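The values are calculated or read from the model by the stated rules, or taken from the named source; none is laboratory data. Computed from a predicted structure; not experimentally measured. Just so you know, the surface numbers come from the protein's heavy atoms only, side chains and all, with ligands and any DNA or RNA stripped out. Shrake-Rupley method; radii C 1.70, N 1.55, O 1.52, S 1.80 Å.
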Amino acid sequence: MTDLPPTTHLVALTVEGAQATLTLSRPDKFNALNVAMINELIELLEWTADRSAGRKDALHDAKGNPYFRTLVLAGEGRHFCAGADINMMRDAGANTPEENRADSERLDRLFHGLWSHPCFTVGAVQGVALGGGAGLVACCDYVVATSNVRIALSEGKLGILPAVIGPYVYRRLGSATFRRLAMMASRVEAEEALRIGFVERIVEGVEDLNEAVKAVVDEVLTTGPSAVTLAKELTLGFDRWNDDDIALRDWTLDFTSRMRGSNEGQEGLSSFLEKRPPNWKPDPEA
Ligand code: COA
């Protein structure tokens, strides 16, 4: 990328080819999400989304710099994320209803920005992911966690609710599991996290996270970037569908024909018939 990313202090951005990695960097507070950190995350999610291959419908810019195709979210230190900053939430309680709402809207923008990000998103999670941290996990497309992972919708223990993260956790886990975890507010360990679909893969320790993330990223890079982005749009459409079944089927037909006729669809279908790799597949020799 040629243009400079936003300056941030609590979230580090690293760029490696078509991959952007965002690392929560407030390890002394176990990466608890305060206002500054939430704002930085929102800014970086928007900055990377605007430079994604899916949104640009191109693999690289005019100078040959790759657009983003994968986004990794990690946390520095012992824990991935201890959730929303409890000081921030307590102070918000003394604010006006309007200020309180603005606070929640900021959180909503963060979770929705991650959930609907045009890149394939991978969470690399160690230690705890509590409250808002569990929300970040739920928003990722694929999550690799270490065997010491503990995820909780812990809000209930503080007398508050996992409401802003609710839609994303609900979509990931389903109704019964979401409400059980919201009511019990207890910690889910590795085996259960895998079984209920909160995470996709468990590795032994933090030193194994990178390799597991790389394996997923390598796989996703062989999928067309617009197919990745539009698969998410398709899912968002299903999530929000409030029309009848005929209209839904009609909508899927539009999607299908649009993709077949697209540059990417034509490239994918032709490359298969011509027995060559599609232009989005990384060259293993490069
Ligand atoms: N917001 C603000 N500060 C937090 C925090 C949060 N969500 N989670 C941890 N911290 C702070 C602690 O207050 C402490 O600060 P201090 O060093 O100034 O006293 C520091 O991080 C270390 O936490 P501590 O509790 O001493 O460490 P621990 O190893 O015993 O436990 C946790 C770590 C993360 C398990 C524990 O801090 C915890 O349960 N935090 C609450 C998480 C939560 O409920 N989040 C959901 C919010 S909706």
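Per-residue surface analysis assigns residue 80 an accessible area of about 0 Å², computed on protein heavy atoms at 1.4 Å probe radius.
Largest mean-square fluctuation among 12, 176, 193, in a Gaussian network model of the chain whose springs join Cα atoms under 10 Å apart, belongs to 176. For the chain, the antiparallel share of DSSP beta bridges with both residues in that region comes to about 25%.
Overall, the anisotropy analysis places the range 151-286 in the oblate class: the square-rooted eigenvalues a ≥ b ≥ c of its C-alpha gyration tensor yield a/c not less than 1.5, with a/b not exceeding b/c. Measuring between their Cα centroids, the range 7-35 and the range 92-125 lie 16 Å from each other.
For the range 11-219, the Kirkwood radius over C-alpha pairs fed into Stokes-Einstein at 20 °C and 1.002 mPa s yields D = 124 µm² per second. Estimated from helices alone, the mean residue ellipticity of the chain at 222 nm is -14500 deg cm²/dmol (sum of -39500 (n - 2.57) over DSSP H runs with n ≥ 4, per residue). For the range 71-110, the orientation-averaged shadow of the C-alpha convex hull comes to 3.6 nm² (one quarter of the hull surface). The H on the amide N of residue 72, modeled in the peptide plane, is under 5 Å from the matching H of 20, 21, 22, 122, each at least 5 residues off or on a different chain. Accessible surface computed residue by residue for the range 11-219, with neighbouring protein chains in place and a 1.4 Å probe, gives 45 Å² per residue. Using alpha carbons only, how many angstrom separate the centre of the range 51-76 from the centre of the range 214-286? Between the Cα centre of the range 51-76 and that of the range 214-286, the gap is 16 Å.
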